[in-house]
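Enquirer: I'd like to ask some things about the structure below.
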Amino acid sequence: MSLGETMSNRYLASTAAVAALAVVVLLTPASAIGQAVTPAAKAATVGKSYTPPRTADGKPDLQGVWTNNTVTPMERPKGLGAKEFYTDAELADNQKRERERLDQNLEEGRPTEAGTAADVHYDFAQFGLDRSQAKLVWDRRTSLIVGPEGTMPPMTPEARKRLAETAAKAKGHELDGPENRPLGARCIARANVGPPLLPAAYNSNLQIVQGAGYVAIEAEMIHDTRVIPTDGREHIASSIRQWYGDSVGHWEGNTLVVDTTNFTDLNPFPGAQNLHVVERLTRVSPDTILYQFTVEDPGMWTKPWSGELPITKINGQVYEYACHEANYPLANTLRGARVAEAEAAKKAAK
């Protein structure tokens, strides 16, 4: 199994996170922090004028190993209001702070708050898994989610009630058994696999392979592959629900459009019962795919919301992420709960 997975299950038992960004301007291909950013006008011109290579069956070639690693958050920080883009100077300052953060982390260790999940989790940088130790794509966008709000829309009253009832039912039973643990801790499913295809905390890489009538997207973390037919077929029956939904695709010029329905209500957005995601993948340069998505569920949010981010080509390959191999933290978490219960029973009997 991957080193990251061996260590990270301790973290997955308590927390999970994803981050993302949207593309207007990109770093030149490199892994270093703080390199120059391509001007927005040039990036837009490249996207409009670029003609992607073709596969043997004449479709735009999206194949290769890619990354969507970023520091830009999913939702815009509140202090930025409706500000959608950083200035050049602000972006340079963000890059400088990220570089300084990593340097301090490597020299002094990661600063954490005592008693938090981060405090007991291993230091990513110690194992070369810090986000800035891999290739980063910088962008002037202040959030992955586009638009003046830059955040997910409010939940509907029905959704808030439904989630509150679910939480109340689960309270006090979080450690009863493996079925009560998060999907990620059980190595069943993780939201970054998509759709929408979002960056992971680390190992934020993916591989795209194409064949006649199909496109396959494999996410390194958690090793799952979405096989997307592009032969015009309909969605499966609505009564069939799957962890990553049912995806069907078609080509609109140079863009792969993927329509996904039939999700469970547990992944990728717990509580969403009728999730519908539309993705658009457009190769805008030899090293960049523009990834755009729209999410909707009238029973979950008051309106649809959209985002975009670049997927950038990297050298190398995707390695096996054998999540459940040596997944000791799941058993240890439950064992710890049983020990605590036994100790509490002894005290009560005195």
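The values are calculated or read from the model by the stated rules, or taken from the named source; none is laboratory data. Since the model is a prediction, treat every value here as computed from it, not as a measurement. Note that we place each Cβ from the backbone using ideal geometry, even for glycine, and neighbour counts take in every protein chain shown. SASA here: full protein model, heavy atoms, side chains in, ligands and nucleic acids out. Shrake-Rupley method; radii C 1.70, N 1.55, O 1.52, S 1.80 Å.
Enquirer: Can you list the equivalent-ellipsoid semi-axes of the chain, largest first and in whole Å, using the square root of 5 times each Cα gyration tensor eigenvalue?
Expert: In descending order the semi-axes read 34, 26, 21 Å.
Enquirer: For the chain, modelled as a Gaussian network with Cα springs under 10 Å, which listed residue fluctuates most, Pro304, Pro73, Pro196?
Expert: Result for the chain, Cα springs under 10 Å: Pro304 fluctuates most.
Enquirer: Follow-up. Probe 1.4 Å, all protein chains in place: accessible area of Glu113 in Å², nearest 10?
Expert: 130
Enquirer: If you don't mind, there's one more thing I want to ask. Rank His173, His235, His324 by accessible area, highest first, at a 1.4 Å probe radius?
Expert: His324, His173, His235
Enquirer: Scaled to the compact-protein estimate 2.2 N^0.38 Å, what is the alpha-carbon radius of gyration of the range 51-125, rounded to two decimal places?
Expert: Its radius of gyration relative to the 2.2 N^0.38 Å reference: 1.70.
Enquirer: Still on this structure, please answer the following. Mean-square fluctuation check for the chain, GNM, Cα pairs under 10 Å: which of Pro154, Pro182, Pro60 is largest?
Expert: Result for the chain, Cα springs under 10 Å: Pro154 fluctuates most.
Enquirer: When the chain is modelled as a GNM with alpha-carbon springs shorter than 10 Å, which of Thr55, Thr264, Thr151 fluctuates the most?
Expert: Taking springs between Cα atoms under 10 Å, the residue moving most is Thr55.
Enquirer: Give me the lysines in straight-line cross-link reach of Lys303: C-alpha distance below 23 Å, same-chain residues under 8 apart excluded.
Expert: Straight-line reach from Lys303, under 23 Å: Lys78, Lys83, Lys161.
Enquirer: Under a Cβ-only charge scheme (Lys and Arg +1, Asp and Glu -1), can you give me the dipole magnitude of the chain about the Cα centre, in debye to the nearest 20?
Expert: 500
Enquirer: Another question, then. Hull surface divided by four, with the convex hull built on the Cα atoms of the range 299-350: how many nm²?
Expert: 9.3
Enquirer: What is the Rg over Rh value, at two decimals, for the range 203-290, using alpha-carbon atoms and the Kirkwood definition of Rh?
Expert: That ratio equals 0.97.
Enquirer: Going from most exposed to least, what order do Met221, Met152 have by accessible area with a 1.4 Å probe?
Expert: Met152, Met221
Enquirer: Largest first, what is the accessible-area ranking of Tyr86, Tyr291 with a 1.4 Å probe?
Expert: From most exposed to least exposed: Tyr86, Tyr291.
Enquirer: Measure off, as a whole percent, the carbon and sulfur share of the 1.4 Å-probe accessible area of the chain, all protein chains present.
Expert: Reported share for carbon and sulfur atoms: 55 percent.
Enquirer: Taking R0 as 22 Å, what FRET efficiency do you get between Leu266 and Glu320 from their Cβ-Cβ distance, rounded to the nearest 0.05?
Expert: 0.30
Enquirer: For the chain, what is the accessible area per residue in Å² when the probe is 1.4 Å?
Expert: Accessible area per residue: 49 Å².
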